[in-house]
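Structure record follows, encoded as structure tokens.
Read-outs throughout are calculated quantities, based only on the coordinates presented, and are distinct from any laboratory measurement. Not measured: the values here are computed from a predicted model. Note that each Cβ is placed from the backbone with ideal geometry, even for glycine, and that neighbours are counted across all protein chains shown.
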Amino acid sequence: MDRKKFIKLIKNEKVILLDGSSGVALQKAGMPKGVCPEKWAIDNSHHLIKLQQDYINAGSKIIYTFTFGANRIKLSEFNLEKEVITINKKLVKISKSIAGNKILIAGDIGPTGKFPQPTGDMDFNECVEIFKEQAKGLLAGGVDLFVIETMIDIQEARAALIACKELCNLPVIVSMTFDKNKRTLTGTTPEAAIITLQALGADVIGVNCSTGPKEMIEVVKAMKPYAKVPLIAKPNAGLPRLLNNQTVFDMSAREFALYTKDLIKAGANLIGGCCGTTPEYISLMKKNIIKPKLKLKKEIPSALSSYQKIIEIGKEFILVGERINPTGKKNLQEELKKGVTNEIRNLAFEQVERGASILDVNVGMPGIDEKETMKKVINLLSTAVDIPICVDSSSPEVIEQALRIYPGRVLINSISGESKKLKKLLPIASKYGAMFILLPLDDRGVPETALNRQKIIKKVIKLAKKFGFAKNDIIIDGLVMTVSSKPDAPKETLKLIKWAKKNGFNSIIGLSNVSFGLPQRHIINSTFLNMAKKAGLNFVIANPSYDFNIINKDAINLLLGKDKNCKKWIERYTITAEDKKIHTKSTKSKTIYDAVLNGEKEIIGELINSTLIKGVKPQNIVDDMLIPAINHVGELYDKKIYFLPQLIASADTMKKAFSILEPLLLKSNIKKQENNIVLATVKGDIHDIGKNIVALMLKNYGYNVYDLGKDVDSKIIISKARQLNAKIIGLSALMTTTMVEMKTVIELAKKEKLQSKIIIGGAVITESFANEIGADGYAKDAYEAVKLVDKILNNKR
Amino acid sequence: MNNKINYFYNIKKEAENKKILFRIGYKSGITKISKKDEKEINLMIKKSKNLCSLKGAYSRFKIFKNKDKIFFNKKIFIKSKNLSKLLIDSDEVVLMAATVGQEIINERDKQMKNGDPVYSIILDATASETADAGLDWIQDFLNTILAKNGMQLTRRYSPGYGDLDISVQKIIYKKLDLKKIGIRITKKYLLIPEKSVLAIAGIIKTEN
């Protein structure tokens, strides 16, 4: 069936009744468990024919083929992966045989059971090919339309939709499964699902399976405000459970049917049932159908989507983070060359934290495969952050790659009037339903005036309309030029922004260009942004770390072309060496004791120095201030008033204090704590966070700690202890398999007649284990370890 | 039954902050923390979560049981009374794994050595909780799929707990071919990256 005719049919009918469940009904008809359901239905086609005939008699106008699991991956569980085309074709023929000319047959496509990238390990294009193979079989059987259903991952739904669209022009319904929190398993909201899928060309979108009809009403309601396409709802008859080896559902047909009106009122135009429903449910649903006027949005809303959520354009000012761009970033360049993406992850995180709503992604640089790098980065960003992306590349191939694999609706940065690129990029943007930034330049270059830029914009829009684009899909770039070289350029940009606003377009600028080559760029940038916002700007591409609240009169004059050669600006705002003097923070009335108690490492140095200047002896600082403070911290930790981070922060503050005092203590011949301690994680064990914390604590109580690290052989531990004349050996192990190594160390120590006391600790260690292997002590945590060492060595505090 | 392994390369699941804080000793109603410190710790948790690269794998296996032994085939079996009790109603199990990757571990060690030890322990706790959250996600996913047929998972059980020997990690490691998601196993059955977790759960019928 033609797509337009299908939508016309829905508009005429207002509500179309679908069918209900098949799987459970065929189980009742005798389909054994463990067989391939599709193959069994072919071999026992009279059961399928009867069921589908019953649905038609109940009032179903569209019947789904029994091909939910007839893809290569699912069929391979029954060694039928080579029968994909045949099985699909036969099952379509069976349904067609009873359909007549008034019933439509929808080729049913279900999930593969595997996840495509970025969530799973299946290559996205491989996933598309798997669905394409199934769709070919359905086409060969003569389906009227496709229905992609029970999708729990938007990326898999996209793959199936792309597969259908690349094969033919039949209508495609896409139906997702949401949990009671209105999210798919991979976190997609109903709003994100509809924005992504309708931009990609789905003709009907909605929800099936999931929960019962009551909960489904909320999902339909969430989708409706964004729907340019009709919506579908096919709920379960409650949640399934097994009773005497039969799957049963709790909700009766009568109760189920009572929700029909509310589903339609919420916005569903195609309704039916999923698991647990039978022809009786559909028949009762029919009796409750109401036919309100079909209201759909004329255009796809101006919105972008990520894996999880949407950003609506025009609702609030949008900041596009510009920092994922290797230009001028050495670290990022080096990482991209190595294929590492840590810096990308950090930049993404930082920008989200600072308020970016969209991330601009540019990975273009010499010496790398931009297409492959973009793929890697897109897969990372799809899951690392939950905001949409703006793909920034000069290569149409790179842009296409990003659009194909990103699990949401993308913004392209940018499409200009350059004829070659325009011809390549418009079809790509249209195929994947992307929005784009229209850069008003063409083969002749950048026009200087707003008027000439408008001419290019009009020309591009005329062509874009032929590819189905509307005003909503396009964002005009104000085209910011550098004020230092073109003093009138900012004024022309502002004019263009005003024009865009007047003509109903959204507009954007790449901000930082305006101040290139001038001092105090952030003041100029911020001032210009505020001027542009006043003119009607609703997007900016910038570094989110800037303060955008600055408005400066001198900058306004500069940006309006009133500061000839930027002379005044340069004179007034060039920073001198004097200006760069760093002002130290005042520590006011803080004491050393308080600084340790509060873990304020950043001020302890200054406090120690000022106390020394006053003539207080280093040893007195230790005895009268530092040790009492850390003891107080220990008490608070014991009472759980402090937790581990506070204990560690105080210990770290002590560490810094000691680093200043230690040389002075030695110089003044004050006897330093002579007790050496050797610490190690035993052989075979690689866990050392606990041991590291113990080391930190002991050091800050004045002990000389020699940390041998992790996975340390018993001989090395004993030898080092002997060499240092260590009073204590502290051993750590986290696993049951490695704790036995502690015994080896103790036995070796005894054999070698070593005098050191051996104490142990770690997640699986207990007091009784310590006793059993002959250890001299056990501590359950770092603070206990300090107390234990103090006790063994008779150190009183 | 399908013994194919499913791998997840990017699991979008965050650990709960309250679980992370609990792991490092925070006691609600007892522990006192200033607003400034709370803000800093929350930021550290956010940064830590950002360094987790949560991956996972699972597969379903038919089993047969004999007293306190669970057999995958005649040669491969697990001996555990606790696990046998858990799987009493199951003839199929799911083996699962989750890892947060090496990057957060490297950062943790770097911070402990030359940086901020407070951040180091936050990184450690976040990594542990995120790995557990990965297994939660896999369980949620499987329960969604299983619910279609009136089935569900039992609670999960990990090697090293109770009488389930740590050496069982080797069996799960091999069955799931975990090198595909960057996990290695040592001679002492420890997993690298350190914050990697394995578990086993039974498939049972949903209670009437």
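What to note about this one:
- Nitroxide proxy distance, nm - points 7 Å out along Cα→Cβ at A:A763 and A:K562: 6.7
- Residues with amide H under 5 Å from that of A:V147, placed H, sequence gap 5 or more: A:G107, A:D108, A:I109, A:I173
- Between helix A:124-141 and chain A: long-axis angle, C-alpha atoms, 0 to 90°, nearest 10: 20
- Our coupling estimate for region A:513-518, obtained by passing each phi through the Karplus curve with A = 6.51, B = -1.76, C = 1.60 and θ = phi - 60°, is 4, 4, 9, 3, x, 10 Hz, Gly and Pro reported as x.
- The base-10 log of I(q)/I(0) for region A:1-141, evaluated at q = 0.10, 0.15, 0.20 Å⁻¹, reads -0.37, -0.80, -1.21 [Debye formula, identical scatterers on Cα atoms, solvent excluded].
- DSSP bridge analysis restricted to the protein assembly as shown gives an antiparallel fraction near 35%, rounded to the nearest 5.
- Listed by chain and number, the lysines whose alpha-carbon sits under 26 Å from that of A:K751, ignoring those within fewer than 8 places in the same chain, are A:K683, A:K691, A:K710, A:K715, A:K720, A:K727, A:K743, A:K791, B:K188.
- Taking chain A and dividing mean pair separation by its residue count, relative contact order in percent (alpha carbons under 8 Å, at least six apart): 7
- The mean of 1/r over all pairs of different alpha-carbon atoms in region A:3-287, once inverted, gives a Kirkwood hydrodynamic radius of 18.5 Å.
- Stokes-Einstein diffusion for region A:54-119 at 37 °C, viscosity 0.692 mPa s, with a Kirkwood radius from C-alpha pairs, works out to 249 µm²/s.
- Residue-by-residue Karplus 3J(HN,Hα) for region A:82-93, coefficients 6.51, -1.76, 1.60, Hz, glycine and proline x: 8, 9, 3, 4, 4, 4, 4, 4, 4, 5, 5, 4
- Cα-based Kirkwood hydrodynamic radius, region A:492-561, one decimal, Å: 12.2
- Zone residues, region A:157-181, relative to A:M1, backbone N less than 15 Å from point 7 Å out along Cα-to-Cβ: A:169-174
- Taking the number of Cβ atoms within 10 Å of each Cβ as an exposure proxy, the fewest-first ranking of B:K188, B:K179 is B:K179, B:K188.
- Cα pair count fraction exceeding 24 Å, expressed as % - region A:676-792: 11
- Electrostatic dipole magnitude of region A:3-287 [Cβ: Lys, Arg +1; Asp, Glu -1; Cα centre; debye, to 20]: 1040
- Beta bridges by DSSP in region A:302-409, antiparallel share as percent, to the nearest 5: 30
- One equal scatterer on each Cα of region A:358-484, no solvent, Debye formula: the resulting log10 I(q)/I(0) at q = 0.11 Å⁻¹ is -0.38.
- Note on B:K62 and B:S34: the model spin-label points, each 7 Å out from Cα along the C-beta direction, lie 6.5 nm apart.
- Calculated FRET efficiency for the pair A:R354/A:N631, C-beta based, R₀ 60 Å, to 0.05: 0.90
- Taking every full run of DSSP H in chain B, the ones that stretch at least 24 Å from end to end by Cα along their long axis and average 0.0 or higher on the Kyte-Doolittle scale are B:117-147.
- Taking 26 Å as the limit for the C-alpha separation, the pairs A:K455/A:K533; A:K5/A:K458; B:K67/B:K205; A:K61/B:K205; B:K175/B:K195 exceed it in the case of A:K5/A:K458; A:K61/B:K205.
- Counting 0.36 nm for each residue step from A:K214 to A:E662 and taking away their Cα separation leaves a gain of 154.2 nm.
- Residue order for A:Y307, A:Y706, A:Y432, fewest other beta carbons within 10 angstrom first, comes to A:Y706, A:Y432, A:Y307.
- Restricting attention to region A:72-154, lysine pairs at least eight places apart or on different chains and with alpha-carbon atoms under 15 angstrom apart total 10.
- Using alpha carbons only, the radius of gyration of region A:592-667 set against its Kirkwood radius gives Rg/Rh = 0.99.
- Principal axis dimensions, the protein assembly as shown - Cα atoms, whole angstrom, descending: 103, 92, 49
- Per-residue ellipticity at 222 nm from helix content only, as computed over chain A with -39500 (n - 2.57) for each DSSP H run of at least four residues, stands at -14000 deg cm²/dmol.
- For B:T144, A:T260, order by how many other beta-carbon atoms lie within 10 Å, fewest first: B:T144, A:T260
- Maximal additional length on extending the A:E13-A:S610 stretch stands at 206.4 nm, based on 0.36 nm per residue less the C-alpha distance.
- Over region A:276-386, all Cα pairs binned in 10 Å intervals from 0 give whole-percent P(r) values of 12, 32, 20, 13, 11, 10, 3, listed from short to long.
- Full-stretch length increase - A:K502, A:R183 - with 0.36 nm per residue and alpha-carbon distance subtracted: 111.0 nm
- Label-point separation in nm, A:I570 to A:K298, each point 7 Å along Cα→Cβ: 5.2
- Region B:1-159 - Debye-derived log10 I(q)/I(0), Cα point model, q = 0.08, 0.10, 0.17, 0.21 Å⁻¹: -0.33, -0.49, -1.01, -1.25
- Spherically averaged projected area of region A:166-319 from its Cα convex hull (nm²): 11.2
- With a 10 Å cut-off around each Cβ of B:184-197, the average count of Cβ atoms from other chains is 3.
- Estimated from the Cβ-Cβ distance and a Förster radius of 25 angstrom, the FRET efficiency linking A:K338 and A:K420 is about 0.15.
- Per-residue ³J(HN,Hα) for region B:188-200, Karplus 6.51 cos²θ - 1.76 cosθ + 1.60, θ = phi - 60°, Hz, x for Gly and Pro: 8, 6, 8, 9, 10, x, 4, 8, 10, 10, 10, 7, 10
- Rounded tilt (10° steps) of A:627-638 against the dominant C-alpha axis of chain A: 40
- Computed Rg/Rh of region A:32-76, alpha carbon atoms with Kirkwood Rh: 1.03
- Reach of A:K214 by Cα under 16 Å, taken over aspartates and glutamates that are not fewer than 8 positions away in the same chain: A:D179, A:D250, A:E255, A:D262
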